[in-house]
Amino acid sequence: MSASRLSPMPIQDKRVRYVEVAGEIAAVLEGERDRTARMATVAALLREAFEHFFWVGFYVVDRANPHELVVGPYQGTLGCLRIAFGRGVCGAAALTGQIQIVPDVHAFEGHIACDSRSQSEIVVPVFDASGALIAVLDVDAVHKAAFDAVDGEGLDAILKATFSI
């Protein structure tokens with residue numbers, strides 16, 4: 001793993017990069033309506049845009065069991081297949097509808113370790129145009145305290161622009 005995957009960028013650079021990648025995502029997805037294609041593209045472009053993003057992907061609300069998330073498009077090592085609402089960081093975001101920023105996943109009670117190298121995590125709920133939860137975006141890093149409010153704001157803005165259509 002390269003050293004760059006280990007260190008996040010300075011806050012101002014990060015703000016600028018979120019604006020840039022939002023524009024890239026919007027340009028690539030222009031005219032694309034398929035939700036899976038949109039999720040796959042977002043995951044790929046975010047992982048490439050931020051070198052310290054170790055795992056980037058979506059857990060989608062299961063249509064057959066609306067209180068459970070099932071793995072969707074992602075970039076990185078093997079992800080967990082299913083997560084119940086309220087379980088782990090992803091389940092907490094799904095249950096509360098709130099962004100979860102976890103500086104140390106080992107200090108988060110009930111954390112689900114899909115990959116033992118993950119040290120910090122941010123999970124952002126994804127809503128459709130009607131305000132219904134459709135998924136959560138999960139991003140992991142291999143070092144502690146990789147995510148902050150700037151990441152929450154940047155990711156949330158991208159998700160709203162991409163999925164609230």
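Every number here is computed from the coordinates shown, using simple stated rules; none is lab data. Everything quoted here is computed from the prediction, not taken from an experiment. Positions of Cβ are generated from backbone atoms using ideal geometry, with glycine treated the same way; all protein chains shown enter the neighbour counts.
The table that follows gives values for the structure above.
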{"read-out": "Percent RCO, i.e. relative contact order, over region 3-163, from Cα pairs under 8 Å lying at least 6 residues apart", "value": "23"}
{"read-out": "Sorted by Cβ density within 10 Å, fewest first, the residues ASP34, ASP148", "value": "ASP34, ASP148"}
{"read-out": "Label-point gap, in nm, between LYS144 and ASP104 - each point 7 angstrom along Cα→Cβ", "value": "0.4"}
{"read-out": "Neighbour-count order for LYS14, LYS144, fewest beta carbons within 10 angstrom listed first", "value": "LYS144, LYS14"}
{"read-out": "Partnerless cysteines, meaning none of the other Cys C-beta atoms lie under 4.7 Å away, in the chain", "value": "CYS90"}
{"read-out": "Per-residue Cβ neighbour rank within 10 angstrom, fewest leading, LEU78, LEU95", "value": "LEU78, LEU95"}
{"read-out": "Principal axis dimensions, largest first and in whole angstrom, of the chain by Cα", "value": "40, 37, 25"}
{"read-out": "Förster radius 25 Å - calculated FRET efficiency between GLU32 and ASP62, Cβ distance, rounded to 0.05", "value": "0.60"}
{"read-out": "20 Å reach of a label modelled at ILE112, 7 Å along Cα-to-Cβ, counting backbone N of region 53-67", "value": "54-67"}
